[in-house]
Amino acid sequence: MTDQRSNVRKLAFMLTCNLILGSAMAGQAMAWDWWESTKRDFKLTYHRNNVWPQPFSEAAAAQTRAPFEVMKQKGWLLHNTIGHELFRSGDGALTAAGRDRLRWIAIEAPVDRRVVHVLRGNSEAETEARVESVRTALAHIYIPGNAPQVFITDINPATSAGTMATQISRQRMENMVPPTLPSTTTSSAGQ
């Protein structure tokens with residue numbers, strides 16, 4: 001009985017060894033590819049860690065700057081918007097302040113920011129009159145290079161009355177603490 005059990009165990013052991021060796025030889029090419037790719041990954045990780053943060057700093061900086069770029073774009077859009085107060089009511093003609101703002105946008109604004117946004121009027125006819133007034137005024141301005149493009153917008157820039165701005169500025173000046181120099185003592189003057 002023991003001989004029979006030992007023979008069964010030997011047979012099972014030999015079958016297991018044959019199975020392992022056979023599958024190992026068949027999968028040897030696959031195992032070799034896995035080993036080569038693992039070595040390549042280790043080597044890449046080693047070199048990437050040695051030059052850290054160089055590969056990542058530019059991408060991180062771009063991600064950090066992205067929200068501020070959006071804010072800049074929106075700020076320029078609002079700054080270059082010709083609003084209701086810069087047009088005469090009724091016919092949509094530019095006021096003197098509107099012509100000055102348009103001149104600044106066309107000549108003095110940075111070249112890549114020379115875009116005029118016209119605030120939509122109360123009616124389609126008023127909006128068209130505003131756009132035509134802006135284009136006519138641009139035609140009378142000497143602009144080195146290309147004339148700025150004109151777009152219609154619905155975003156109304158936040159403004160305040162000039163009297164309120166003047167009042168705030170005067171109050172700030174009145175409440176400002178006058179500058180004073182620090183006092184010196186005779187003992188610190190000799191040192």
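The values are calculated or read from the model by the stated rules, or taken from the named source; none is laboratory data. A quick note: this is a predicted structure, and the numbers were derived from the prediction, not measured. All Cβ positions, glycine included, derive from the backbone under ideal geometry; neighbour counts span all protein chains shown.
For the reader, a short list of remarks on this structure follows.
- Looking across Ala97, Ala158, Ala165, Ala106, one residue alone is in a loop (DSSP other than H, G, I, E, B) and within 33 Å of the chain's Cα centre (by Cα). It is Ala158.
- Flag for Glu132 being in contact (Cβ under 8 Å) with a residue 40 or more places away in the chain, farther than 20 Å from His79 by Cβ and either under 30 Å from the mean Cα position of the chain (by Cα) or surrounded by 13 or more Cβ atoms within 10 Å (Cβ to Cβ) (or both): yes
- Check on Phe87, touching an Asp or Glu at 6+ places or on another chain (Cβ under 9 Å) and among the hydrophobic types (A, V, I, L, M, F, W, C): yes
- For the residues Glu124, Glu174, the requirement of being within 16 Å of Phe87 (Cβ to Cβ) and without any contact (Cβ under 8 Å) to a residue 12 or more places away in the chain singles out Glu124.
- Subset of the range 146-167 that is surrounded by 11 or more Cβ atoms within 10 Å (Cβ to Cβ) and out of contact with any helix residue (DSSP H, G or I) (no Cβ under 8 Å at 6 or more places or on another chain) - its residue that is nearest to Val115 (Cα to Cα): Phe151
- Contact map, the range 94-112: first residue within 15 Å of His79 (Cα to Cα), second residue part of a helix (DSSP H, G or I) and of a type in the set (Lys, Arg), Cβ cut-off under 9 Å, separation 6 or more or different chains; pairs are Ile105/Arg113.
- His79, sole failed condition from (1) touching a residue at least 60 places away in the same chain (Cβ under 8 Å); (2) touching a Ser or Thr at 6+ places or on another chain (Cβ under 8 Å); (3) not β-branched (Val, Ile, Thr): (2)
One line per residue, one yes/no per condition, for (1) farther than 14 Å from Leu77 by Cα; (2) out of contact with any Leu (no Cβ under 9 Å at 6 or more places or on another chain):
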{"residue": "Arg114", "(1), (2)": "no, yes"}
{"residue": "Ala147", "(1), (2)": "yes, no"}
{"residue": "Val150", "(1), (2)": "no, no"}
{"residue": "Pro157", "(1), (2)": "no, no"}
{"residue": "Ser160", "(1), (2)": "yes, yes"}
{"residue": "Thr163", "(1), (2)": "yes, yes"}
{"residue": "Arg170", "(1), (2)": "yes, yes"}
{"residue": "Met176", "(1), (2)": "yes, yes"}
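- Any hit, the range 139-151, residues being in a helix (DSSP H, G or I) and either closer than 19 Å to Ala93 by Cα or touching a residue at least 24 places away in the same chain (Cβ under 8 Å) (or both): yes
- Within the range 4-24, not a single residue is surrounded by 10 or more Cβ atoms within 10 Å (Cβ to Cβ), modelled with pLDDT of 85 or more, part of a helix (DSSP H, G or I) and not hydrophobic (A, V, I, L, M, F, W, C).
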